[in-house]
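First comes the structure, then the notes that go with it.
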Amino acid sequence: MKIAPLPLLLGLVLAALSTFFIWAHLAAPVDMVDAPSGKVRCVSYTPYRDNETPFNPDYVADPARIDSDLAMLSQVTSCVRTYSVKQGLDQVVPAAEKHGMQVLLGIWIGREEKGNQQEIAQAIAVANAHPKTIRAIIIGNEVLLRGEQQPDDLIRYLKQVKAATGLPVTYADVTDFWMKAPKELADAVDFITIHILPYWENNPTSAEGGVAYLKSVREEVAAEFPGKRIFIGETGFPSAGRERAEAVPSIVAQARYLRELAVYADSIGLDYNLIEAFDQPWKRALEGTAGGHWGLFTTDRELKFPETGPVTNYPHWQREAGAAFAISLFALLMLAWRGNVGGMLPGIAAGIGSALAGTALVLQAEHSWLAWRSPLEATVELLVFLQSLAVIIVVLPEVARGERAVAPLPIARTVAWLRAPRRSPFDRAHALGLVQLSVTASMLVISLGLSFDNRYRDFPNAAYAIAVGGFVLLALQRGDYRRAPEGRREEALFALLLALNAVAIAFNEGPQNIQALIWCALNLLFALPWLAVARTAWRRTFRNAAAATA
């Protein structure tokens, strides 16, 4: 250990300045078009919070909560769309009437005729009790997409509800299924309700191009059904989640799409419904992180962005910057205590590096908070966070030791030590080996998931940037990129698997997905020193085979 006050002070100053400028850049306000004054046309509403879910048959919505939510929503819209009348959701209608709002009343249609008829009967009773509050009745939501009913069944339901209420009726689905639907289905509805979600399309569209995409799709559907009014039953953009091609979720992206949509809709009198009023955590189990973050409001009922003026992805960035600096200070102390900050150049590197590590850890923590879907996943996210802390405590100080840095214990020996820890003393090599094993195994599991089941999985780039950066710096320090470390056959196998997965992920995601490309680069950087081991092993095998043949 070597601590020099002046380099350490320099590192501290650079850590503070770097952290400030990094977060000021991340939180820089983005100029965009202002939304027209007035309320949005309509928003989807469900009351679920925290661990509440529509899949819980015992759940019943609290009428007081519904009333409170609609009182808040009445300030930004005059209409809400529901999807069912079960689980207490029928109480949305009287609450909306109380606050001067209208309802697009949803009837949930599933596979079972008995359940469908019960839902229809309850919806008819609600609609007949509050006919002036019901703007229209939506019978079925994407039931053709799910393959749970046929068009003839929907036509029967539509005619049944229309005859019982006399109110306008419609069916909601994605455009592909409306375009394939028989003419009789279009004749049975008073207007056609389509869902246009640029983020979820087969060819995802960015927030910047989202409204142009919506316009083209709407015009295509209108041409297919001349004389029928086209209603956009669902549209929006997520504020968090994984990138899909050019579609990158963020608060700025969501604000841009919704504001530009409002301007376009106002210019042509387009009627639309936004998905959705409040973030719905239960959807993360079905659609990943993005599924839970489509709301105008957070689950805490906080509006995500204003209607006018610049928008930032980090409205409370000073808080994040403070947390990042606290972590960078901890990292700097670890470098000074366990490593070497004994010169001006090491002090500069330590200050900037600790700021980057602190920022990455804060970004990781924020992503974990948005992404976890169950107690098990929360535990996994916590373990990954602790893994990053272990890199700061164990790996980065070893990098700072320079020529005195030791190599991580090989994976085989690390596993053997875990089986019988008392047979050898625990030292720095053992600590490095344990962290290396954890990073290797978790990266491989994540990459395999992204290779074979990628639609709803995130790219944990911030979480692994610290780990990969630490081990890459250590490999460079030791010259492992120039020579093959001995006795690391398991590492060679893992390196091949990581490299192959990186190729598969890049192929699946395409060159437009920057998050995917960063994850692939992290995999390759982490695997690169070990690929030299594999190359040496192959050459030795070929030489032995040639010698045996001769």
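Side notes on the structure shown:
- Whole-angstrom gap from segment 174-223 to segment 18-34, using each part's C-alpha centre: 35
- Cα-based shape type of segment 25-77, given that a ≥ b ≥ c are square roots of the gyration tensor eigenvalues and the cut on a/c is 1.5: oblate
- Dipole magnitude for segment 212-333: computed about the Cα centre from +1 point charges on Lys and Arg Cβ and -1 point charges on Asp and Glu Cβ, it is near 140 debye.
- Helix-derived mean residue ellipticity, 222 nm - over the chain, DSSP H n ≥ 4, -39500 (n - 2.57), to 500: -18500 deg cm²/dmol
- A Förster distance of 56 Å, applied to the separation of the beta-carbon atoms of Ala223 and Arg319, puts the FRET efficiency at 0.65.
- Top positive-direction residue, dipole computed over segment 214-307 with Cβ charges, set Thr289, Ala245, Ala277: Thr289
- For segment 375-493, the residue among Leu476, Val380, Ile466 whose Cα projects farthest onto the positive side of the dipole built from Cβ charges is Leu476.
- Once the chain from Met72 to Leu345 is taken as fully extended at 0.36 nm per residue, the excess over their C-alpha distance is 92.7 nm.
- Check: the chain dipole with +1 on Lys, Arg Cβ and -1 on Asp, Glu Cβ, in debye: 2360
- P(r) of segment 357-409 over all Cα-Cα pairs, binned every 5 Å from zero, in whole percent: 4, 19, 22, 18, 13, 11, 7, 4, 1
- Cross-link partners of Lys86 among lysines, defined as those whose alpha carbon lies under 22 angstrom from its own and excluding same-chain residues fewer than eight positions apart: Lys98, Lys114, Lys132, Lys159, Lys162, Lys283.
- Taking the 1.4 Å solvent-accessible surface of the chain as the whole, the part contributed by carbon and sulfur is 61%.
- Fully extended contour minus Cα-Cα distance, from Thr298 to Ala212, at 0.36 nm per residue: 28.3 nm
- Cβ charges +1 (Lys, Arg) and -1 (Asp, Glu), total dipole of segment 381-460, debye: 360
- Nitroxide proxy distance, nm - points 7 Å out along Cα→Cβ at Phe452 and Leu382: 2.9
- Where labels lie 7 Å past Cα in the beta-carbon direction, separation of Asp190 and Lys132 in nm: 1.7
- Rounded to 0.05, the FRET efficiency of the Val406 and Trp337 pair, given R0 = 22 Å and the Cβ-Cβ distance, is 0.85.
- The computed Rg and Dmax of the Cα atoms in Å for the structure shown corresponds, within [x] 28.3, 94; [y] 36.0, 126; [z] 25.5, 82, to [x].
- Three-way shape label, segment 282-428, alpha-carbon gyration tensor, a/c 1.5: oblate
- Cα centroid of segment 419-441 to Cα centroid of segment 227-241, whole Å: 52
- Accessible surface of Cys520 - all protein chains present, 1.4 Å probe, nearest 10 Å²: 10
- Per residue, the accessible area of segment 1-59 comes to 59 Å² when a 1.4 Å probe rolls over the protein heavy atoms.
- Ala121/Ala27 FRET efficiency (R0 56 Å; Cβ-Cβ; nearest 0.05): 0.60
- Neighbour cut-off at most 15 other Cβ (10 Å), DSSP loop, chymotrypsin sites (Phe, Trp or Tyr not before Pro), segment 329-429: Phe426
- Cα gyration tensor, segment 398-464 - rounded (a/c under 1.5), prolate or oblate: oblate
- The residue list His25, Val40, Pro5 was ranked by how far each Cα lies along the charge dipole of segment 1-68 toward its positive end, using unit charges on Cβ atoms, and Pro5 comes out on top.
- Net length gained if the chain between Glu112 and Ala164 were fully extended (0.36 nm per residue, minus Cα distance): 16.6 nm
The values are calculated or read from the model by the stated rules, or taken from the named source; none is laboratory data. On a predicted model such as this, the values are computed, not experimentally measured, just so you know. Virtual Cβ from ideal backbone geometry, glycine too; neighbours counted across all protein chains shown. The protein model used for the area step is the full one, side chains on, heavy atoms only, and it has no ligands, DNA or RNA in it. Shrake-Rupley method; radii C 1.70, N 1.55, O 1.52, S 1.80 Å.
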